[in-house]
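The values are calculated or read from the model by the stated rules, or taken from the named source; none is laboratory data. Since the model is a prediction, treat every value here as computed from it, not as a measurement. Counting neighbours? That spans all protein chains shown, and the Cβs are built from the backbone with ideal geometry, glycine included.
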Amino acid sequence: MVEVNYPIKIAAKRSGLSPHVIRIWERRYRAVQPGRTGTNRRRYSEADVERLRILNQAVQAGHSIGSVAQHPTETLRDLVARDRATAPSASGSAMNGGGAEGVPGAGDFVARCLEQIRALDSRALESVLRDGAITLGSQGLLHRVIGPLAHRLGDLWRAGELTAAHEHFATAVLRTHLAHEGCAYGTQAGAPKIVVTTPVGQIHELGALLVAAASANLGWNVTYLGPSLPAAEIAGAVQQGRARAIALSLVYPEDDVELPQEILRLRGLLASETALFVGGRALPAYRNALNFPRIALLNDLPALGRALEDLRKEPPGSRVARFSNF
């Protein structure tokens, strides 16, 4: 039988890691040693992909990559099994009917998160997030659980079914969890820098936190500034940090007549080669008013990922002519 080998993008998708994290784990920790093609491109075997997936689960359970990277795959598999056996019970009605053979799906984790947010139980919420990361991988957790959860929280808050206290509680727990996510995978020295925030008046920061975590997982050095900053303050942070990009999250409110001018003011304060990405739940309400060159309007996290990957491939200063293509 001919052995199948995979390029790094497929290995990343199947393991739940980003290509950046895989490269770092290879270079720093020799976690896997993939084969190479004649043109020096990485190729991963089934065993490599399985090992990366299990390493990801071990890191999500709380182990540092440096402490587990050299363990044999069977040892890692036993370690992850023991972690699951000693974790707080994930049984109950929220788990039933999730996926094949009782494995919960993303919707199960969103429902369980909402249950613990209603109860204001931070330890239980963290436990659900850890379970979700182990089951779905870090990228799956970001895209399929935390992203939809942020949308759902907004809906429930607007409908009066959750209070501001619940929303603030969820934001605080998720901020801690996502910060730990970024630390777990590390950032390469010399990585490009991105500043993440919300414009003045945009008071909800869950979307920005999600963008910050997704950017870090793609290998960017993230400076997170929190919510509701005026254009001059954001531009100053970008200039001081020599960031190549700035990402703004728009969530609420959706009818701020001053917001488009504030973002245009920011664009005018930035160097011409600095990428400005704008996205979030409220973007459709502002899309027409922000349809200007050198402002990249992104619909979702995958679009942000593609934009960051494209930007990273190009030398600084070469992006200006392509902003209008987004």
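Scanning the stretch 129-140 for residues that are at negative phi and either in contact (Cβ under 8 Å) with a residue 60 or more places away in the chain or basic (Lys, Arg) (or both) yields ARG130, ALA133, ILE134, LEU136, SER138, GLN139, GLY140. Scanning the stretch 259-285 for residues that are at pLDDT below 95 and either assigned to a helix (DSSP H, G or I) or charged (D, E, K, R) (or both) yields a count of 5. Taken together, the residues in the stretch 29-41 that are surrounded by 13 or more Cβ atoms within 10 Å (Cβ to Cβ) and either more than 24 Å from the chain's Cα centre (by Cα) or without any contact (Cβ under 8 Å) to a residue 24 or more places away in the chain (or both) amount to 2. Quick one: in the stretch 271-296, which of the residues that are touching a residue at least 12 places away in the same chain (Cβ under 8 Å) and of a type in the set (D, E, K, R) is farthest from ARG312 (Cα to Cα)? Per the stated criteria, the residue is ARG281.
This table checks each residue for (1) among the aromatic types (Phe, Trp, Tyr); (2) under 18 Å from ALA237 (Cβ atoms); (3) modelled with pLDDT of 90 or more.
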position: VAL173; (1), (2), (3): no, no, yes
position: HIS180; (1), (2), (3): no, no, no
position: CYS183; (1), (2), (3): no, no, no
position: THR187; (1), (2), (3): no, yes, no
position: PRO192; (1), (2), (3): no, yes, yes
position: VAL196; (1), (2), (3): no, yes, yes
position: VAL211; (1), (2), (3): no, yes, yes
position: ALA216; (1), (2), (3): no, yes, no
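The single condition from (1) under 27 Å from ASN56 (Cα atoms); (2) in contact (Cβ under 8 Å) with a residue 60 or more places away in the chain; (3) surrounded by fewer than 18 Cβ atoms within 10 Å (Cβ to Cβ) that GLY190 fails is (2). The lone criterion from (1) within 22 Å of the chain's Cα centre (by Cα); (2) among the β-branched types (Val, Ile, Thr); (3) at pLDDT below 90 left unmet by ILE146 is number (3).
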